[in-house]
1. For the range 53-63, take each phi angle, set θ = phi - 60°, evaluate the Karplus expression 6.51 cos²θ - 1.76 cosθ + 1.60, and give the result in whole Hz per residue in order, putting x for glycine and proline.
2. List His60, His38 from most exposed to least, where exposure is judged by having the fewest other Cβ atoms within 10 Å.
3. Show me the chymotrypsin sites (Phe, Trp or Tyr not before Pro) within the range 39-71 that DSSP assigns to loop and that have at most 14 other Cβ atoms within 10 Å of their Cβ.
4. Determine the sum of side-chain charges near Met49: Lys and Arg each +1, Asp and Glu each -1, restricted to other residues whose C-beta is under 15 angstrom from that of Met49.
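What follows is calculated from the coordinates using simple rules that are stated; it is not laboratory data. It should be emphasised that the depicted structure is a prediction, and the values quoted were computed from it without experimental measurement. With ideal geometry, Cβ positions are generated from the backbone for all residues, glycine too; neighbour counts draw on all protein chains shown.
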Amino acid sequence: MIYGRCAACKSQRRKCPSDCIFFPYFPANDPQRFAYVHKIYGGSNVGKMLKQLPYYVREHAANSLYLEAKYESNLNLKFVMPQSNYMAQFQWPNQTPN
Ligand SMILES: [Zn+2]
């Protein structure tokens, strides 16, 4: 394990700069936290968004993004999985083979 890199830089396999925008909010010991926001919003968008905010609301914003992204991810899981079971049981007339 490489220390001194945040979860974002670690997942992008880049050097974590000393002023890294992600470092305080996405610690390397919680990679899932960054994985969620990266999946839903895209890592660079989150970075841009945090940079535009005053520093005193960044932590709150990072937490909100994380919870929102986590919720979205779980929501997708919940709704996509039963639907795909349903689709497996029924052949729709207009279904085209891959
Ligand atoms: Zn970093």
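1. Once θ is set to phi - 60°, the couplings for the range 53-63 become 8, x, 4, 6, 10, 5, 5, 4, 4, 4, 5 Hz.
2. Working: His60 11, His38 20.
Fewest-to-most ranking of His60, His38: His60, His38.
3. none
4. After counting each charged neighbour, the total is +1.
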